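Have a look at the structure that comes next, please.
The values are calculated or read from the model by the stated rules, or taken from the named source; none is laboratory data. Note that the structure is predicted; figures quoted are calculated from it, not measured. Glycine gets a Cβ as well: all are built from the backbone with ideal geometry, and neighbour counts include every protein chain shown. When the accessible area is computed, the model is the full protein with side chains, heavy atoms only, and any ligands, DNA or RNA have been set aside. Shrake-Rupley method; radii C 1.70, N 1.55, O 1.52, S 1.80 Å.
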Amino acid sequence: METRRDERVGQLIQALKRSDKLHLKEAAALLGVSEMTIRRDLNSHSGPVVLLGGYIVLEPRSASHYLLSDQKSRLVDEKRRAARHAAALLEAHQMAFFDCGTTTPWVIEAIDNELPFTGVCYSLNTFLALQEKPHCRVILCGGEFHASNAIFKPLDFHDTLNHLCPDIAFYSAAGVHAVQGATCFNLEELPVKHWAMRQSHRHVLVVDHSKFGKVRPARMGDVKEFDTIASDTRPDDDIVALAKTHNITLLY
(Lines give C-alpha, C1' and ligand atoms only; values in the text may rest on other atoms or scores of the structure.)
Protein backbone atom coordinates (compact mmCIF):
# COMPACT_ATOMS: atom_id res chain seq x y z
CA MET A 1 0.00 0.00 0.00
CA GLU A 2 1.41 3.39 -0.96
CA THR A 3 2.04 5.69 1.98
CA ARG A 4 1.62 9.46 1.93
CA ARG A 5 5.40 9.78 1.83
CA ASP A 6 5.59 7.52 -1.23
CA GLU A 7 2.84 9.53 -2.87
CA ARG A 8 4.72 12.78 -2.24
CA VAL A 9 7.97 11.36 -3.58
CA GLY A 10 6.09 10.16 -6.66
CA GLN A 11 4.77 13.68 -7.23
CA LEU A 12 8.29 15.06 -6.97
CA ILE A 13 9.53 12.55 -9.55
CA GLN A 14 6.78 13.63 -11.94
CA ALA A 15 7.65 17.29 -11.39
CA LEU A 16 11.33 16.60 -12.06
CA LYS A 17 10.45 15.05 -15.39
CA ARG A 18 9.39 18.55 -16.44
CA SER A 19 12.34 20.36 -14.86
CA ASP A 20 15.94 19.39 -14.01
CA LYS A 21 15.62 20.75 -10.48
CA LEU A 22 13.03 21.99 -8.01
CA HIS A 23 13.74 24.39 -5.15
CA LEU A 24 12.76 23.09 -1.72
CA LYS A 25 10.35 26.00 -1.20
CA GLU A 26 8.69 25.32 -4.55
CA ALA A 27 8.36 21.63 -3.71
CA ALA A 28 6.74 22.44 -0.37
CA ALA A 29 4.23 24.75 -2.06
CA LEU A 30 3.53 22.15 -4.77
CA LEU A 31 2.79 19.40 -2.26
CA GLY A 32 1.13 21.59 0.35
CA VAL A 33 3.46 20.47 3.15
CA SER A 34 6.33 22.02 5.12
CA GLU A 35 9.93 22.03 3.95
CA MET A 36 10.81 19.89 6.98
CA THR A 37 8.30 17.23 5.87
CA ILE A 38 10.00 17.02 2.48
CA ARG A 39 13.43 16.80 4.13
CA ARG A 40 12.19 13.88 6.27
CA ASP A 41 10.65 12.19 3.24
CA LEU A 42 13.89 12.34 1.25
CA ASN A 43 16.14 11.36 4.15
CA SER A 44 14.10 8.18 4.70
CA HIS A 45 13.51 7.36 1.04
CA SER A 46 15.94 5.19 -0.94
CA GLY A 47 14.75 6.28 -4.38
CA PRO A 48 16.36 8.60 -6.94
CA VAL A 49 15.09 11.88 -5.49
CA VAL A 50 17.61 13.75 -3.33
CA LEU A 51 18.14 17.20 -1.84
CA LEU A 52 21.31 18.97 -2.97
CA GLY A 53 22.18 22.53 -2.01
CA GLY A 54 18.55 23.53 -1.39
CA TYR A 55 17.32 21.95 -4.63
CA ILE A 56 15.56 18.65 -5.24
CA VAL A 57 17.05 16.69 -8.14
CA LEU A 58 16.99 13.21 -9.61
CA GLU A 59 20.09 11.24 -8.69
CA PRO A 60 20.35 7.54 -9.62
CA ARG A 61 21.87 5.64 -6.72
CA SER A 62 24.94 3.45 -7.14
CA ALA A 63 26.81 0.84 -5.18
CA SER A 64 29.39 3.35 -3.96
CA HIS A 65 30.60 3.16 -0.36
CA TYR A 66 29.86 6.86 -0.05
CA LEU A 67 26.68 8.50 -1.25
CA LEU A 68 26.23 12.23 -1.06
CA SER A 69 22.57 11.76 -0.26
CA ASP A 70 23.45 9.56 2.72
CA GLN A 71 25.89 12.06 4.22
CA LYS A 72 24.19 15.41 3.77
CA SER A 73 22.21 15.28 7.03
CA ARG A 74 25.07 14.09 9.28
CA LEU A 75 26.79 16.49 11.73
CA VAL A 76 25.22 19.53 10.08
CA ASP A 77 25.90 21.94 12.96
CA GLU A 78 29.53 20.82 13.16
CA LYS A 79 30.02 21.23 9.42
CA ARG A 80 28.50 24.69 9.52
CA ARG A 81 30.85 25.81 12.30
CA ALA A 82 33.89 24.59 10.40
CA ALA A 83 32.56 26.17 7.21
CA ARG A 84 32.14 29.60 8.80
CA HIS A 85 35.82 29.65 9.80
CA ALA A 86 36.82 28.80 6.24
CA ALA A 87 34.45 31.22 4.50
CA ALA A 88 35.97 34.17 6.36
CA LEU A 89 39.25 33.58 4.47
CA LEU A 90 37.80 34.44 1.05
CA GLU A 91 38.53 37.98 -0.12
CA ALA A 92 36.78 40.16 -2.68
CA HIS A 93 37.55 39.46 -6.35
CA GLN A 94 39.44 36.25 -5.63
CA MET A 95 39.05 33.05 -7.62
CA ALA A 96 38.20 30.16 -5.31
CA PHE A 97 38.05 26.42 -5.95
CA PHE A 98 35.29 24.58 -4.09
CA ASP A 99 35.58 20.83 -3.61
CA CYS A 100 32.72 18.34 -3.69
CA GLY A 101 31.15 16.82 -0.55
CA THR A 102 28.51 17.87 1.95
CA THR A 103 30.60 20.36 3.93
CA THR A 104 31.48 22.61 0.98
CA PRO A 105 27.97 24.05 0.41
CA TRP A 106 28.04 25.32 4.01
CA VAL A 107 31.25 27.20 3.20
CA ILE A 108 29.48 28.85 0.29
CA GLU A 109 26.40 29.66 2.36
CA ALA A 110 28.60 31.43 4.93
CA ILE A 111 30.13 33.75 2.31
CA ASP A 112 28.77 37.31 2.43
CA ASN A 113 26.20 37.78 -0.33
CA GLU A 114 27.74 41.15 -1.18
CA LEU A 115 31.22 39.69 -1.79
CA PRO A 116 32.23 39.54 -5.48
CA PHE A 117 34.26 36.43 -6.35
CA THR A 118 34.70 33.67 -8.91
CA GLY A 119 33.82 30.13 -7.86
CA VAL A 120 35.30 27.10 -9.63
CA CYS A 121 33.58 23.76 -8.96
CA TYR A 122 33.05 20.28 -10.36
CA SER A 123 30.09 18.96 -8.38
CA LEU A 124 26.36 19.51 -8.74
CA ASN A 125 25.59 20.43 -5.13
CA THR A 126 28.45 22.94 -5.03
CA PHE A 127 27.31 24.51 -8.29
CA LEU A 128 23.75 24.89 -7.02
CA ALA A 129 25.03 26.61 -3.88
CA LEU A 130 27.33 28.97 -5.82
CA GLN A 131 24.64 30.10 -8.24
CA GLU A 132 22.66 31.40 -5.25
CA LYS A 133 25.38 33.98 -4.56
CA PRO A 134 24.40 37.17 -6.43
CA HIS A 135 27.96 38.43 -7.02
CA CYS A 136 29.60 35.11 -7.85
CA ARG A 137 30.85 34.23 -11.32
CA VAL A 138 30.50 30.43 -11.45
CA ILE A 139 32.73 28.10 -13.48
CA LEU A 140 31.48 24.50 -13.54
CA CYS A 141 34.03 22.04 -14.94
CA GLY A 142 32.16 19.48 -17.01
CA GLY A 143 32.87 15.86 -17.81
CA GLU A 144 31.52 12.42 -17.00
CA PHE A 145 28.82 12.61 -14.31
CA HIS A 146 29.13 10.31 -11.28
CA ALA A 147 25.77 10.14 -9.52
CA SER A 148 26.94 8.70 -6.18
CA ASN A 149 28.87 11.85 -5.23
CA ALA A 150 27.35 14.20 -7.84
CA ILE A 151 30.67 15.16 -9.46
CA PHE A 152 31.72 15.79 -13.04
CA LYS A 153 35.01 14.05 -13.78
CA PRO A 154 36.81 16.04 -16.52
CA LEU A 155 37.57 14.21 -19.73
CA ASP A 156 40.24 16.70 -20.77
CA PHE A 157 42.04 18.93 -18.26
CA HIS A 158 43.39 21.11 -21.07
CA ASP A 159 39.83 22.15 -21.89
CA THR A 160 39.27 24.34 -18.79
CA LEU A 161 41.10 23.49 -15.60
CA ASN A 162 44.68 23.98 -16.76
CA HIS A 163 43.84 27.56 -17.70
CA LEU A 164 42.83 28.44 -14.12
CA CYS A 165 44.95 29.36 -11.09
CA PRO A 166 42.68 29.83 -8.05
CA ASP A 167 43.77 32.20 -5.28
CA ILE A 168 42.33 29.87 -2.66
CA ALA A 169 40.95 26.33 -2.58
CA PHE A 170 38.49 24.83 -0.11
CA TYR A 171 38.77 21.04 0.23
CA SER A 172 36.64 18.43 1.93
CA ALA A 173 37.93 15.06 3.15
CA ALA A 174 36.49 11.91 4.70
CA GLY A 175 39.63 11.25 6.73
CA VAL A 176 42.50 13.29 8.16
CA HIS A 177 45.42 11.31 9.59
CA ALA A 178 48.81 12.61 10.70
CA VAL A 179 50.67 9.88 8.76
CA GLN A 180 48.32 8.89 5.91
CA GLY A 181 47.22 12.46 5.21
CA ALA A 182 43.88 13.66 3.86
CA THR A 183 41.79 10.95 2.20
CA CYS A 184 38.38 10.49 0.61
CA PHE A 185 36.20 7.57 -0.46
CA ASN A 186 36.11 7.92 -4.22
CA LEU A 187 39.05 7.60 -6.60
CA GLU A 188 37.27 9.56 -9.32
CA GLU A 189 37.50 12.70 -7.16
CA LEU A 190 41.30 12.65 -7.05
CA PRO A 191 42.17 14.12 -10.48
CA VAL A 192 40.40 17.41 -9.71
CA LYS A 193 41.54 17.52 -6.08
CA HIS A 194 45.15 16.98 -7.18
CA TRP A 195 44.78 19.62 -9.90
CA ALA A 196 43.61 22.13 -7.30
CA MET A 197 46.51 21.27 -5.02
CA ARG A 198 48.94 21.97 -7.89
CA GLN A 199 47.32 25.13 -9.21
CA SER A 200 45.91 26.97 -6.18
CA HIS A 201 47.87 29.51 -4.17
CA ARG A 202 46.31 28.77 -0.76
CA HIS A 203 44.89 25.46 0.47
CA VAL A 204 42.17 25.21 3.13
CA LEU A 205 40.99 21.83 4.44
CA VAL A 206 37.48 22.04 5.91
CA VAL A 207 36.42 19.07 8.05
CA ASP A 208 34.35 18.34 11.13
CA HIS A 209 35.89 16.55 14.12
CA SER A 210 34.63 13.09 13.07
CA LYS A 211 37.18 13.00 10.21
CA PHE A 212 40.28 13.18 12.43
CA GLY A 213 42.13 9.90 12.79
CA LYS A 214 40.25 8.30 9.90
CA VAL A 215 41.87 6.85 6.75
CA ARG A 216 39.81 6.31 3.58
CA PRO A 217 40.76 4.53 0.30
CA ALA A 218 41.65 7.53 -1.92
CA ARG A 219 44.61 9.69 -0.84
CA MET A 220 44.52 13.42 -1.52
CA GLY A 221 47.90 14.32 -0.02
CA ASP A 222 49.92 14.97 3.15
CA VAL A 223 48.43 17.15 5.85
CA LYS A 224 51.45 19.45 5.52
CA GLU A 225 50.31 20.40 1.98
CA PHE A 226 47.46 22.46 3.47
CA ASP A 227 47.96 25.99 4.72
CA THR A 228 44.88 25.99 6.94
CA ILE A 229 42.66 23.41 8.61
CA ALA A 230 39.18 24.63 9.60
CA SER A 231 37.11 22.49 11.94
CA ASP A 232 34.40 22.71 14.58
CA THR A 233 36.70 21.64 17.45
CA ARG A 234 40.39 21.36 18.25
CA PRO A 235 41.98 18.57 16.15
CA ASP A 236 43.68 15.53 17.69
CA ASP A 237 47.05 16.10 19.36
CA ASP A 238 49.03 14.53 16.52
CA ILE A 239 47.41 16.89 14.01
CA VAL A 240 48.05 19.86 16.30
CA ALA A 241 51.74 18.86 16.60
CA LEU A 242 52.00 18.46 12.82
CA ALA A 243 50.41 21.85 12.29
CA LYS A 244 52.92 23.49 14.63
CA THR A 245 55.85 21.85 12.83
CA HIS A 246 54.70 22.90 9.35
CA ASN A 247 53.14 26.29 10.23
CA ILE A 248 49.61 25.19 9.39
CA THR A 249 46.95 27.55 10.71
CA LEU A 250 44.23 25.84 12.77
CA LEU A 251 40.78 27.44 12.91
CA TYR A 252 38.18 26.03 15.31
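Which condition does residue 233 not pass, out of (1) in contact with a strand residue (DSSP E or B) (Cβ under 7 Å, 6 or more places away or on another chain); (2) farther than 15 Å from residue 100 by Cβ; (3) of a type in the set (Ser, Thr, Tyr), if it passes all the others?
(1)
Could you go through region 192-200 and let me know if any residue there is in contact with a strand residue (DSSP E or B) (Cβ under 9 Å, 6 or more places away or on another chain), open to solvent by 40 Å² or more (accessible area, probe 1.4 Å), at pLDDT 85 or above and under 13 Å from residue 221 (Cβ atoms).
There is at least one residue in region 192-200 that is in contact with a strand residue (DSSP E or B) (Cβ under 9 Å, 6 or more places away or on another chain), open to solvent by 40 Å² or more (accessible area, probe 1.4 Å), at pLDDT 85 or above and under 13 Å from residue 221 (Cβ atoms).
To continue, here is another question. Can you name every residue in region 110-138 that is open to solvent by 50 Å² or more (accessible area, probe 1.4 Å) and touching a Leu at 6+ places or on another chain (Cβ under 8 Å)?
Residues satisfying the conditions are 127, 135.
Among the candidates 226, 212, single out the residue that is of a type in the set (Phe, Trp, Tyr) and open to solvent by 10 Å² or more (accessible area, probe 1.4 Å).
212
Mind listing whichever residues of region 139-152 are open to solvent by less than 70 Å² (accessible area, probe 1.4 Å) and either farther than 10 Å from residue 120 by Cα or acidic (Asp, Glu) (or both)?
142, 143, 146, 147, 148, 149, 150, 151, 152
Okay, next question. Pairs only if they're at least six apart or on different chains, beta carbon under 8 angstrom, first in region 41-64 and open to solvent by 50 Å² or more (accessible area, probe 1.4 Å), second modelled with pLDDT under 60 and of a type in the set (D, E, K, R); list them, first residue then second.
Matching pairs, first to second residue: 46/61; 48/61.
Would it be correct to say that residue 185 is in the same structural domain as residue 243 (by the TED database), closer than 22 Å to residue 228 by Cα and open to solvent by 10 Å² or more (accessible area, probe 1.4 Å)?
Values: in the same structural domain as residue 243 (by the TED database): yes; closer than 22 Å to residue 228 by Cα: yes; open to solvent by 10 Å² or more (accessible area, probe 1.4 Å): yes.
Answer is yes for this residue.
Of all the helices (runs of 4 or more DSSP H) wholly in region 55-162, which have at least 1 residues that are among the acidic types (Asp, Glu) and modelled with pLDDT of 90 or more?
76-87, 104-110
Residue by residue, here is whether (1) under 21 Å from residue 132 (Cα atoms); (2) at pLDDT 85 or above; (3) within 21 Å of the chain's Cα centre (by Cα) holds:
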| position | (1), (2), (3) |
| --- | --- |
| 6 | no, no, no |
| 9 | no, yes, no |
| 12 | no, yes, no |
| 16 | yes, no, no |
| 21 | yes, no, yes |
| 26 | yes, yes, no |
| 32 | no, yes, no |
| 36 | yes, yes, no |
| 39 | yes, yes, yes |
